[in-house]
Amino acid sequence: MISIKNVQKVYPSKQGQVLAVDDVNLEINAGEIFGVIGYSGAGKSTLIRMLNGLEIPSSGSVVVANNEVSHIRGKNLRKARQDISMIFQHFNLLWSRTVRENIAFPLEIAGVAKEERLKRVDELIKLVGLEGREDAYPSQLSGGQKQRVGIARALANNPKVLLCDEATSALDPQTTDSILELLVDINERLGLTIVLITHEMHVIRKICHRVAVMESGKVVEIGPVLEVFKNPQEPITKRFVQQVTEPEETKETIEHLLEKFPAGQVVQLTFVGDTTGQPLITELIRKYDITVNILQGKISHTQNGSYGTLFVHLEGAESEIASAIEFIGTQQVGVEVIANG
Ligand code: ADP
């Protein structure tokens, strides 16, 4: 589906030239979810932008869905682009248009008749799970909903390839997971080829079939995700793999701790938004008279609030614990009972 051969991209700069992409060769198969990971400045955006003609390579060739996109322009590029769609970190929605109008926009440009357009938009709204939000404006949507609009709009013209440029980097962990699940669903249902760039290894692990690791414009390692995780070769790949091994270690510790606390229930709480672990736990103790031991966890604070995961061990009367779990649920934090009795 995609063939990148000996591609180089040099940008002019005041300090001389920047070699943003340095002799990259990649073959991406139809139906594949292919991830490109690298730190900031590695050349990921430049590479993905060359796939839809937003950047022109300085040398080499880029073929997407049988179209050589590297040097075509004008009408021919517009035609080739019908097969290639893109979603973005900051969604790039039209703020003065509703959800329905945003999704219909590429269909309008393609000259699709009104009746067919409305039908197609309804299908897309269902596909991405935005029923009931058709007439909302982007400012009235959550980040996850905005990205769903972005995805629906990108799929409007039935592309063969979907490019995702850090598509979940502006989202909290829970919303990231739901968007990634949607991408997998789309890949499986429509057979769409997906190329995503990210600096987050958990994104790669969650959905990609293969991954390429980029450093200083070069692809330094490439392989099936499971193999790369099991046996990373390059120092940079090892660092990325370490990013996501922490939860495994936490789980092991949890299992160990469970032996120490065999009674009661262990609950995993996932916090997103403006709540933090502490007030909720204080409230649980006050309201239900149960003992709450925090076994493990991490809460991150950002400008927009706090998020993170806590494993807590609840000890007390069974019915009180059940009410407490229900209470946590109504606080709209993710809650999963991971051990019982
Ligand atoms: P990434 O997406 O991995 O962060 P980029 O492709 O954005 O990497 O950038 C790769 C390199 O190219 C960086 O050194 C960046 O500063 C440089 N670069 C990117 N775009 C331009 C541009 N339009 N002009 C000059 N230099 C650029």
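The values are calculated or read from the model by the stated rules, or taken from the named source; none is laboratory data. Computed from a predicted model, the values in this text were never measured in an experiment. As a convention, Cβ positions derive from the backbone with ideal geometry for all residues, glycine included, and neighbour counts pool all protein chains shown.
What residue, among those in the stretch 267-293 that are among the aliphatic types (A, V, I, L, M), closer than 20 Å to Gln174 by Cβ and assigned to a strand (DSSP E or B), is modelled with the lowest pLDDT?
Just the residues of the stretch 267-293 that are among the aliphatic types (A, V, I, L, M), to begin with: 267, 269, 272, 280-281, 284-285, 290, 292.
Filter once more, so that each one left must be closer than 20 Å to Gln174 by Cβ: 267, 269, 272, 280-281.
Next cut, assigned to a strand (DSSP E or B) only: 267, 269.
On the way: Val267: 78, Leu269: 75.
The extreme case among them is Leu269.
What are the residues in the stretch 1-44 that are more than 9 Å from the ligand (Cβ to nearest atom), exposed (fewer than 14 other Cβ atoms within 10 Å of the Cβ) and part of a loop (DSSP other than H, G, I, E, B), if any?
Lys14, Gln15, Asn29, Ala30 - these are the residues of the stretch 1-44 that are more than 9 Å from the ligand (Cβ to nearest atom), exposed (fewer than 14 other Cβ atoms within 10 Å of the Cβ) and part of a loop (DSSP other than H, G, I, E, B).
Just to check your reading of the model, which residue among Arg120, Arg49, Arg73 is under 17 Å from Lys9 (Cβ atoms) and more than 16 Å from the ligand (Cβ to nearest atom)? Spell out how you get there, then give the answer.
Values: Arg120 fails: under 17 Å from Lys9 (Cβ atoms); Arg49 fails: more than 16 Å from the ligand (Cβ to nearest atom).
Residue meeting the stated conditions: Arg73.
Residue-wise test of (1) outside any loop (DSSP other than H, G, I, E, B); (2) closer than 29 Å to Asp83 by Cβ; (3) within 16 Å of the ligand (Cβ to nearest atom).
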position: Gly132; (1), (2), (3): no, no, no
position: Ala167; (1), (2), (3): no, yes, yes
position: Glu188; (1), (2), (3): yes, yes, no
position: Val203; (1), (2), (3): yes, yes, yes
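Kindly establish whether Ser70 is part of a strand (DSSP E or B), small (Gly, Ala, Ser), over 23 Å from the mean Cα position of the chain (by Cα) and more than 30 Å from Arg133 (Cα to Cα).
Values: part of a strand (DSSP E or B): no; small (Gly, Ala, Ser): yes; over 23 Å from the mean Cα position of the chain (by Cα): yes; more than 30 Å from Arg133 (Cα to Cα): yes.
No, not satisfied.
For the stretch 52-70, how many residues meet the condition of being more than 12 Å from the ligand (Cβ to nearest atom) and without any contact (Cβ under 8 Å) to a residue 40 or more places away in the chain?
Qualifying residue count for the region: 5.
Identify the residue in the stretch 76-94 that is in a loop (DSSP other than H, G, I, E, B) and closer than 18 Å to Leu162 by Cβ and, among all such residues, is nearest to the ligand (Cβ to nearest atom).
Restricting attention to the stretch 76-94, the residues satisfying the condition of being in a loop (DSSP other than H, G, I, E, B) are 82-83, 89-94.
Imposing the further condition that a residue be closer than 18 Å to Leu162 by Cβ reduces the set to 82-83, 89-93.
On the way: Gln82: 25, Asp83: 23, Gln89: 10, His90: 14, Phe91: 18, Asn92: 16, Leu93: 21 Å.
The extreme case among them is Gln89.
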